Structures are given as C-alpha cells and as structure tokens.
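> My questions all concern the structure below.
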Amino acid sequence: MQTDSSFTFVLFGGTGDLSMRKILPALFEAHRAGGMLADSGKIVAVARHAADRGEYLQWVNEHVKPHVSKKGLDETAWASFLERIEFVNIDLGKAEDFVHLRDAVKDLPGIRVFYLATGPSLFVPICHALASVGLNENARIVLEKPLGYDLKSSNAINDAVGEIFAEEQIYRIDHYLGKEPVQNLLALRFGNALFEPLWRREWVESIQITIAEELGVEARGDFYDNTGALRDMVQNHLLQLLSIVAMEPPHSMDSDSVRDEKLRVLRALKPIDPRDIGKVAVRGQYHSGVIRGTSVPAYATESGVRPDSTTETFVALKVEIENWRWAGVPFFLRTGKRLADRVAEIVVNFRAVPHSALGASALRAGANRLVIRLQPNETIRLYCLAKQPGEGMNLASVHLDLAFDQFFREGQMEAYQRLLLDVINGRLALFVRRDEQEAAWRWVEPILNEWKASNKPPKPYAAGTWGPAASSAMLAQHGTCWLEEEN
Ligand code: BG6
C-alpha cells in the first residue's frame, strides 16, 4: 500500500496506556513496513507528563519500545521513527494553551488527524479548544470508545463534536472492525456465492457470537466498575460483529454503503421487553477461581472496584432481528472477563436435513456448522458429516479447515495499524457512524435500565469457568448449547 498522503498526527493522551500499547506501536509498524506512511508525515504527541521532546522520547523508548514488533526490533527503523515525533506540553483543561499546539503544527504538512486517546470527558473541551485556534479545518478527529455512558450522554458528545466537525471528519473507533478476521468475514460473505443462499432463516437455526477473555479488569477497575460488560463490549464490539454477520450484501464497499447496511440490522433488532429480561439476558460477576492453574481474586476485591459492586463482568443475550432474512433465528451473544479461555468466535449452526435416510445422527442440530474463529488462531472451519470407514453406514463429524496463517504467511496487520492508516487516508468504512452508535445505544438502554431498576445482583460465577449456569440454561430453552458444551 503506497501512499503519498502527508499528515500531521496529533496524539492527545500521548503518555496514556492506549498510546503506549496500541497507537504508537501501530504507527511504528506502519513506518517500519515502508511505503505506508508518507515520509513527510509527523506525529505530534500532546501530554503533560513530559517536560519536552527529549523527555518524551525517553518515555517512548522506555515504555513503547517493549510493545513493538515481537519479530525483533529493527533499530534503524526505530531511530527514524523517533525522528517523526514532535512533542507539545499543554494543559488540556486550558483552552489558551492550544495556541502552542497551533504554533507547533502550523508549518507541518498534510491533513491533520487529532486522535483523542483521553477520557471522554475531555472530548468536548478539546474540540472547542481546537476550534478556538482554527485547527478544525482540514482535519479529522478520532474518538475512542467509550463514547458516552448511555444514549443521552453519547448524543451530548456527538452534538457538541458535530458542531465543530462534520460527520465525514469524525472517526469513531471500534477496534474490532479493524481486525483482519472481521475483514475476512466480509470477504467470506460477499466474495463467495457459496454461502449466500444458506445465509438466512430457512437454513440457519441459530448463531452464536462469543468474545471471551481470561483477563480480569487489570488496572482499569475504576473505569470498569462504572461501565460493565454491556457498555464495554456489547454496545459496540458485539453489536458491530452481529451487524456484519447479519447485514445484506452492500452495493459497494464504500463507507456509506457498508454502514447503511449495518445500520439496517441495528435498527431491526427486536426491542427487549423488560418483562422478558430474565429470559433473554444473563448478567454475571466473577468470584475468585483458578485460570490455567493460577488463583485469581474475585472482581469485588480488585483495585478500584467497590466491594459491594453490582457491575456485570459477564453478559449473555438472546437477540432477534426483525426482518425477512432472520426472523425467528436466535442470535446468542456472550462476553465476559475471567472466563475459561480467551476466544472470539462466530458459530453459524445450520438446520439438520429434513429427513434422514442415514440414521438419527444426520438429524442432529449442528451437524453442519460454520465456525469463524477471530482470535486466537484465525481459522474458518466448516463441519459436515461423513461416513466412517468400514462396514455399515455410520456417520461422523469431519471438518474442512481454512487456516489463514498457512495460506498467508506475510502481511497480517494489527487492528490499530489498519485503522490508523484508514484515518490518515480518509477511509471511513471501518468507523462507526453516529446513527449506528445511536441505534446500538437505543437497543441496549432498556436492558441497562431494567437491571438498574430491578436492583438484583448479577449472578456469580467462578473465575476460569464459562460464566453463570443461567447462560447455558438460556440456550437449553432453545434446544441448543454453547459450542464448548458440545460432546
Ligand atoms: C476493549 C475493552 O474495547 O476491548 C476491554 O474496553 C477488552 O475491556 C478489549 O479487554 C478486548 O479487545 P481484544 O482485542 O483484546 O479482544
């Protein structure tokens, strides 16, 4: 991917965790690869915790370098990467300080990208301050999640930012959209005629989407305790995956064609009736337990978490889509911290044959199933039945495997690298449009409200398990089970 689009990438929150772990390493990888970033492109870090450029570069060397390229660091590329970095020390709370930022960038070339890797409470003040010094022209702004706490607060941010930047200038990041396998899902669905006729209610019995983590809340207890899994993972990552799985084929891959189709899915989500919440939503919180032989503490004892917290660290939902393609097909979504494994996958369970001349096993649900593993080890696996060798007609489950690392040994890109390049090059397709975000909040909010009103604590689960038993029971009511419970 050659580019000649020059840029000035202004990174607010330049010494924050996200800059350290994701943004600066991703920019370095793009730089190291060669040809992806214009030679004249500059990175301007904005932070308070360094006095000057020298001190900032020292911080980058100490904190960012350990997070770059596991393949062995290219020292020459690293040295030339540091040359791209400028630094401005300003107090984000003081609009008058932004004059220094304007002076620092005024002679730098190309499109300006303002990446707000800060808390959401700073989004609006930063945008106002940028506008006050005329920096909102010829610019793009990148907003990290969480964008708001509910529909109202997200609208308030979007309204305020929208007064300063046009929608085409606003890049709302959902890093799941930048993951290679999610891109591949689009390729699988819309590059092959094979699946399209089957991708509908007549042939699909149910769909599962899981994002399971072994990690707990790490150093983010404070943030997480005010957020919970529904806001942290479902409102954004899971609903975005769902919309890509369920969307109609777009007319083209341009940003609005794709986002229009995703929006249609989000708007067609069957609203959750508060009276049914116990049947279609499970919330859990982890207690102490053992993960891969190591004891881990209960959520309520994590630093930054209130000891009597009722914040959910696990959610399982049954979702329905009210349109012709999907009416009546349950989509089961699930996410949680401190679960038994780290895995993100989509499971499409096809219906059994209508009549079996080959015995009962051919009538078993899930005999035909497509498992799209997003992480770890990206694979797509299609399960079928085949005859067992030997006498008689006995069927056994076999699978066709597509392991991407065997086909494509080079060129894999981290989500942040792809997304940052998209911002620099003005490609909006993988960013969330305001109306999508609103539709997602609108659907999620009744669940949040009902949980709050009911005042019931989340169901406990031991760390290192797959969440509360109620999650399995919910699927059992529909005659199915989570993939790991098969056999
Ligand atoms: C983030 C959430 O958006 O996604 C985190 O805030 C979560 O809580 C993370 O751990 C998971 O992302 P990934 O790419 O590691 O699956």
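> I'd like the full set of residues that are of a type in the set (Gly, Ala, Ser) and either free of Cβ contacts under 8 Å to residues at least 24 places away in the same chain or out of contact with any Leu (no Cβ under 8 Å at 6 or more places or on another chain) (or both), limited to the range 464-487.
469, 470, 471, 472, 473, 476, 479
> Give me the residue from the range 256-274 that is over 18 Å from the mean Cα position of the chain (by Cα) and more than 15 Å from residue 325 (Cα to Cα) and, out of that set, nearest to the ligand (Cβ to nearest atom).
272
> Right, something else. Within the range 83-96, identify whether any single residue is surrounded by fewer than 15 Cβ atoms within 10 Å (Cβ to Cβ) and at pLDDT 95 or above, and answer yes or no.
Yes - at least one qualifying residue is present in the range 83-96.
> Which of the residues belonging to the range 158-181 are not small (Gly, Ala, Ser) and not in a helix (DSSP H, G or I)?
165, 170, 171, 172, 173, 174, 179
> When you scan the range 139-152, how many residues do you find that are within 11 Å of residue 172 (Cα to Cα), not hydrophobic (A, V, I, L, M, F, W, C) and not in a loop (DSSP other than H, G, I, E, B)?
1
> Still on this structure, please answer the following. From 155, 136, 184, grab the single residue that is away from the ligand (no atom under 16 Å from the Cβ), farther than 20 Å from residue 10 by Cα and either among the small types (Gly, Ala, Ser) or not in a strand (DSSP E or B) (or both).
Sole residue among the options that is away from the ligand (no atom under 16 Å from the Cβ), farther than 20 Å from residue 10 by Cα and either among the small types (Gly, Ala, Ser) or not in a strand (DSSP E or B) (or both): 155.
> Please work out which residue is surrounded by the most Cβ atoms within 10 Å (Cβ to Cβ), limiting yourself to the range 191-248 and to residues that are among the charged types (D, E, K, R) and more than 16 Å from the ligand (Cβ to nearest atom).
Per the stated criteria, the residue is 205.
> Kindly evaluate residue 330 against the criterion of being out of contact with any Leu (no Cβ under 7 Å at 6 or more places or on another chain) and closer than 23 Å to residue 271 by Cβ.
Judged against the criteria, residue 330 is a match.
> Checking residue 312 against (1) under 19 Å from residue 483 (Cβ atoms); (2) buried (at least 22 other Cβ atoms within 10 Å of the Cβ), only one condition comes out false. Which one?
Evaluating residue 312 over (1) under 19 Å from residue 483 (Cβ atoms); (2) buried (at least 22 other Cβ atoms within 10 Å of the Cβ) leaves (1) as the failure.
> Let me ask something else. Can you tell me which of 375, 417, 388, 412 is out of contact with any Ser or Thr (no Cβ under 8 Å at 6 or more places or on another chain) and either more than 15 Å from residue 183 (Cα to Cα) or among the basic types (Lys, Arg) (or both)?
Going through 375, 417, 388, 412 in turn, the sole match is 388.
> Shifting gears a bit: So in the range 35-66, with the set limited to residues that are part of a helix (DSSP H, G or I) and under 27 Å from the mean Cα position of the chain (by Cα), which one is farthest from residue 91 (Cα to Cα)?
Top of the filtered list is 66.
> To continue, here is another question. Is it the case that the range 15-35 has a residue that's exposed (fewer than 14 other Cβ atoms within 10 Å of the Cβ) and farther than 26 Å from residue 145 by Cβ?
yes
> If you take the residues of the range 270-309 that are of a type in the set (Gly, Ala, Ser), surrounded by 12 or more Cβ atoms within 10 Å (Cβ to Cβ) and out of contact with any strand residue (DSSP E or B) (no Cβ under 7 Å at 6 or more places or on another chain), which of them is modelled with the lowest pLDDT?
Filtering first and then ranking leaves 278.
The values are calculated or read from the model by the stated rules, or taken from the named source; none is laboratory data. Everything numeric here is computed off the predicted structure, so don't read it as measured data. So basically every Cβ, Gly included, is an ideal-geometry build from the backbone, and we count neighbours across all protein chains shown.
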